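Taken together, the values in this text are just the output of simple stated rules run on the coordinates, not laboratory data. Keep in mind it's a predicted model, so treat the numbers as computed, not measured. Ideal geometry is used to build each Cβ from the backbone, glycine not excepted, and the neighbour counts take in all protein chains shown.
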Amino acid sequence: MNPNTIVGLKRTIWVFSLFLLFTCNSKEYKNNMDTNKRAGLGDPHSFANLDEVIAGHASLDLKVDFNTKTLSGTCTWTLNRRATCDSLVLDTRDLTIHNVYQDDGTPCAFSLGAKHETFGQALTIKLPKNAKKIVISYTTSPEAAALQWLDPQQTAGEDPFLFSQSQAILARSWVPCQDAPGVKFTYDAKITCPPNLLALMSAENPKEKNNSGVYNFKMEQAISSYLLALAVGNLEFKSTGRNSGVYAEPAMLQKSVNEFEDMQHMIDSAEALYGPYKWGQYDVLVLPPSFPFGGMENPRLTFATPTILAGDKSLVSLIAHELAHSWSGNLVTNKTWNDFWLNEGFTVYFEQRIMEKIYGTEYERMLTTLGFGELQNTIQRLNKAGKRKDTHLYLNLENRDPDEGLTDVAYEKGRFFLQTIESFVGRNKFDNFLKQYFTENAFKPMSTQDFLDYLDKHLLDTLSGAEDSIKPHMWVYGPGIPGNIPKVKSHALDKIDNLLLTFNKGGNLTKKEIQDWTTHHWLYFLRGIELENLSNKQMKMLDTNFQLTNGSNAEILCDWFKIAIEKEYKTAYPAIRKFLIGVGRRKFLTPLYERLAQTEEGKAWAKEVFIEAKPGYHAVSYQSIEEILE
Ligand code: BES
Ligand code: ZN
């Protein structure tokens, strides 16, 4: 046969298979998702055909373009496939796929499925026999949900900034991947950015800029896709100890280093509790204020909001939290987002133990008491909204955005479940159990049922009556707060309960009464105020005597502003406006916008502020606010 005919024939077959893929695609992969789920192999929030193929290593080669607000380049996946597997399905969202080919250059047929608002699109790649490496050439959208592109005026300096936020299922908006927490892979990356900027990832990181703007990364420990992370900006590094340090914009660096002075101590304490830190270096990157979360446990490089820089170290439990994820979450990982409490509940418990070790029992009790209050509010709110099932630890988030599982139930009910086990079996036994749990299950996914089985086998079965007293099933598969939760008691906060008794009857609060108050005393006091009894005179008194509106601690400000909005205390409104525009952390924004939206006038004002603020918010935040203001 004439070679031209062969080429022609090949092309015809290729085009035809592409046609077939396009025509049978979207329904087929919806079915695929369902079959996977039934077989227990898939993930409810991923299109990936995980029962057939696992993408075990990624090589990224991406160029960062601040003009077009895009990343473009290639992602090469190394595959572990079953003999019968003939396609690879990856998750994508708003990606433009240019080409897919084998590492020898042979093109592969591919197609994109129907668009789902939250889950994105399945990218289906026809796999040639024996293909082990698949290269995807693509460009991200300027609207990529994971990425925030900041103009210089949105940073502390004079350069643009880019950062990613992949959890829960946003990694697919910047890397085509099996976007399921139960899948782990190693990666390497080459990132090309403007030469005056530094690129950092959830990997081994450079300590300073070079003048080529090209940075190479390696992550040799397997991670899940939600832990893929990238930041690019004018960043500098300063060490805080043996294996820890801080990255920040130059203007923020020293302040951050001062605030995080106990970081190395936290790492040492964590290791003493539950075994060696497995990731080598632990650094924190302080981001511009638009970062939508408090912190994100990207391996080797926690991303953190600057709103924890209170100047007095009073908000550093957040660092203990993100550090603790290096065990709970990053080593032993929730298998699906239905098991999210395994990540967060364990982490809050672990965080609490680190804080206790470093700052003492009384301090830890204050944090735990505040957490308990938050849990009560959350459960009340969910019950009122008819979402009783969302007060279970094990969630059913199928067909829902996993973001809906991000409540204090996972965090605080999860923590109190572990505290309940501890109180029945004793701290010693529980600590040994947890250490073994992290060691034996390192780098593995864990489902809720896996955990319950492990708990029985390694702890409860050996202790008579433990199962009956602890009632793990009631905690995990039942609503609300079980009655066997241990009592939380903080002497410091009990004193405030007494003050609140008189204050809530119209009383005063004197400078003497608050002279040794820290951030946590204030938070407890503000949360204990009965709004229906709070007079205008008392509001003014609090503000004048204690400078609340002009305060600088973001946590206290947020609680004070909630009250100010409920009481329509207009003196605070210019400061509220400034706060809403200057800070992008969703945890602060949603309660304020929600309260504003309760009245017509408030809502109109909130909309006006939002128009100004939105360009500075990450998608995670502005999408939540849009829902509130709709
Ligand atoms: N992993 C979470 C953040 C997260 C969860 C992002 C789910 C997206 C989806 C992180 O560890 C976290 O919990 N951050 C908290 C702070 C913490 C001290 C409770 C936050 O951002 O407020
Ligand atoms: Zn967390």
Cut-off 19 Å (backbone N to label point 7 Å along Cα→Cβ of ARG388), residues of the stretch 462-478: 473-478
Hey, what do the phi angles of the stretch 267-280 turn into as Karplus ³J(HN,Hα) couplings, whole Hz, using 6.51/-1.76/1.60 and θ = phi - 60°, x for Gly and Pro? 4, 4, 5, 5, 5, 5, 6, 10, x, x, 6, 8, 10, x
For the stretch 147-204, what mean projected area does the convex hull of the alpha carbons give, in nm²? 5.0 nm²
The summed charge of the THR391 Cβ neighbourhood (under 14 Å; Lys/Arg +1, Asp/Glu -1) stands at +1
Charged-residue dipole, Cβ positions (Lys, Arg, Asp, Glu), the stretch 105-160 about Cα centre, Debye nearest 20: 780 debye
May I ask for the distance between the Cα centers of the stretch 162-208 and the stretch 53-69, given as a whole number of Å? 7 Å
If I model a spin label at ASN484 and THR518 as a point 7 Å from the Cα along the Cα→Cβ vector, what separation in nanometres do I get? 3.3 nm
If you rank TRP174, TRP560, TRP517, TRP149 by fewest surrounding Cβ atoms within 10 Å, what's the result? TRP517, TRP149, TRP560, TRP174
Links exceeding 24 Å between C-alpha atoms in this model, out of LYS207/LYS357; LYS190/LYS444; LYS69/LYS562; LYS132/LYS190; LYS69/LYS184; LYS537/LYS562, come to LYS207/LYS357; LYS190/LYS444; LYS69/LYS562; LYS69/LYS184
Please rank LYS489, LYS512, LYS209, fewest neighbouring Cβ atoms within 10 Å first, as an exposure proxy. LYS512, LYS489, LYS209
For ASN211 and ASP86, calculate 0.36 nm times their separation in residues minus their Cα-Cα distance, and state this gained length in nm to one decimal. 40.6 nm
Apply the Kirkwood formula to the chain: the hydrodynamic radius equals the inverse of the mean of 1/r over all pairs of different alpha-carbon atoms; give it in Å with one decimal. 26.0 Å
Net charge of Cβ neighbours under 10 Å - reference PHE161; Lys, Arg +1; Asp, Glu -1: -3
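Convex hull volume of the Cα atoms in the stretch 273-319, per residue, in Å³?
Roughly 86 Å³ of hull volume per residue.
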About its Cα centre, what dipole magnitude does the chain give when the only charges are +1 on Lys and Arg Cβ and -1 on Asp and Glu Cβ, stated in debye to the nearest 20? 560 debye
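Compute the orientation-averaged projected area for the stretch 299-387 from the convex hull of its Cα atoms and round it to one decimal in nm².
Computed as one quarter of the Cα hull surface, the answer is 7.1 nm².
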Rounded to whole Å, give me the distance from the Cα center of the stretch 276-297 to that of the stretch 303-359. 10 Å
With 10 angstrom as the radius, rank ARG300, ARG81 by how many other C-beta atoms surround their C-beta, starting from the fewest. ARG81, ARG300
Alpha carbon centre of the stretch 454-489 versus the stretch 234-264: separation in Å? 41 Å
Under Karplus coefficients 6.51, -1.76 and 1.60, residue-wise ³J(HN,Hα) of the stretch 141-157 in Hz, glycine/proline x: 8, x, 8, 2, 5, 7, 9, 10, 9, 9, 6, x, 5, 8, 10, 7, x
Averaging 1/r across every pair of distinct alpha carbons in the stretch 410-541 and inverting yields a Kirkwood hydrodynamic radius, in angstrom, of 18.2 Å
Could you give the alpha-carbon Rg of the stretch 101-204 over 2.2 N^0.38 Å, rounded to two decimals? 1.28
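Which value, in Å to one decimal place, does the Kirkwood hydrodynamic radius take for the stretch 177-217 when every pair of different Cα atoms is included?
For the stretch 177-217, inverting the mean 1/r across all distinct Cα pairs yields 11.6 Å.
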Over the Cα atoms of the stretch 89-147, what Rg and Dmax result, in angstrom? 12.3, 36
